[in-house]
Amino acid sequence: MANDLYRIVYCSRNLIDEHSTSTTHDAELESILNASRVNNRSVDVTGALLFNREYFAQVLEGPRTPVETTFERIQRDRRHGEVTVVENGFAGARDFPEWAMAHAAPASGQMEDGICATLQLALLQPSANGEDVLLLMKDLVIQD
Ligand SMILES: Cc1cc2nc3c(=O)[nH]c(=O)nc-3n(C[C@H](O)[C@H](O)[C@H](O)COP(=O)(O)O)c2cc1C
C-alpha cells in the first residue's frame, strides 16, 4: 500500500509512583525507553516519548498494523492510566524518522508548567489539542 504510514498520538497520566518507590521511578522510565527502542526498531515504528512526574505523551508512527499492536500493548501497561488518544490517522511523512523512540525533554529554562498545562488540556479535550501536543513534542525532541 502506497500510504501505509499511520500515526497515533496519545497522552496519559504517569502512575509509576503508585506502583514503585520513587527511587525506582527513573529506572522504570529507562526500562520503558529501552524496551521501546528494541521493540519498535524491529517493527519499523518510530516516535517520541515525553514524560514528567505527572504525564506521558507519545507519538507512534509507522505501518498501521505494528503501530496499533504496539499501542494496544502500551494501553494495557499499568505504569500509566487515562490513556487518551489525541490524534490518529494516516500521515504523509514521519515526524521522528531517526528515532525508534526519542526522548522529548524540555530544554533548560523551558517552563515545565507550560508542558503540564498542554498535556492536562489534551487529556480533558483530546480532539481539540492533538496538534498542540504533536507540535510540543517536535519542539522538544532531543537525541537521548
Ligand atoms: C508510557 C509508556 C510508553 C511505552 N512505549 C512503548 C513503546 O513505544 N514500545 C514498546 O514496545 N513498549 C512501550 N512501552 C512498554 C510496554 O507497555 C511493554 O511493557 C513492553 O512493550 C513489553 O516489552 P517486552 O515484552 O519486550 O518486555 C511503554 C510503556 C509505557 C508506560
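Observations
- Qualifying residue in segment 123-141 (condition: surrounded by 13 or more Cβ atoms within 10 Å (Cβ to Cβ), assigned to a strand (DSSP E or B) and hydrophobic (A, V, I, L, M, F, W, C)): yes
- Some residue of segment 83-96 being assigned to a helix (DSSP H, G or I) and near the ligand (Cβ under 10 Å from one of its atoms): no
- Close pairs (8 angstrom Cβ cut-off, 6 or more residues apart or separate chains): at negative phi and at pLDDT below 80 in segment 1-27, outside any helix (DSSP H, G or I) and more than 12 Å from the ligand (Cβ to nearest atom) anywhere: ASN3/PHE90; ASN3/GLY92
- Odd one out for ILE74, checked against (1) under 20 Å from LEU136 (Cβ atoms); (2) among the β-branched types (Val, Ile, Thr); (3) more than 8 Å from the ligand (Cβ to nearest atom); (4) not in a strand (DSSP E or B): (3)
- In segment 14-57, the residues that are near the ligand (Cβ under 10 Å from one of its atoms), touching a helix residue (DSSP H, G or I) at 6+ places or on another chain (Cβ under 8 Å) and among the charged types (D, E, K, R): GLU28
The values are calculated or read from the model by the stated rules, or taken from the named source; none is laboratory data. Quick caveat, the model's predicted, so the values are computed rather than measured. Quick reminder, even Gly has a Cβ in these numbers, built from the backbone with ideal geometry, and neighbours come from all protein chains shown.
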